[in-house]
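The values are calculated or read from the model by the stated rules, or taken from the named source; none is laboratory data. The shown structure was predicted, so the numbers you read here are calculated from the model rather than taken from an experiment. Counting neighbours? That spans all protein chains shown, and the Cβs are built from the backbone with ideal geometry, glycine included.
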């Protein structure tokens, strides 16, 4: 009879917690010490996070999401309304920067949570 494997680190809840910038293990502690600096460990459950290797992944994902949204919005804005170019530049610059600043820490939490749930880069090793 095959052994049943129990997933003690389900990916979906971990991703949701990471996107909310919370500890992927308990969901209560803060994942970050600052805007983008990942904490060394959770302040509630003491889960270590110093293993993470998010690197350029969150920045790439942010550019991917924001770029695709802006391309569609710019196209439809120009096709339907034909505003002055300077108006479009100002509006879409503010939108682009705001959305990027909002998404970047959330996508970093997303990437760290995936690494934690899949036991990547040392997250699965005993202390």
Is it the case that the range 102-118 has a residue that's out of contact with any helix residue (DSSP H, G or I) (no Cβ under 6 Å at 6 or more places or on another chain) and without any contact (Cβ under 8 Å) to a residue 24 or more places away in the chain?
yes
Apart from one, (1) at pLDDT below 95; (2) touching a helix residue (DSSP H, G or I) at 6+ places or on another chain (Cβ under 7 Å); (3) closer than 27 Å to residue 98 by Cβ all hold for residue 65; the odd one out is (1)
From 71, 14, 79, 39, grab the single residue that is buried (at least 17 other Cβ atoms within 10 Å of the Cβ), out of contact with any helix residue (DSSP H, G or I) (no Cβ under 8 Å at 6 or more places or on another chain) and at pLDDT 95 or above.
39
The one condition residue 121 fails out of (1) crowded, with 16+ Cβ neighbours inside 10 Å; (2) touching a helix residue (DSSP H, G or I) at 6+ places or on another chain (Cβ under 6 Å) is (1)
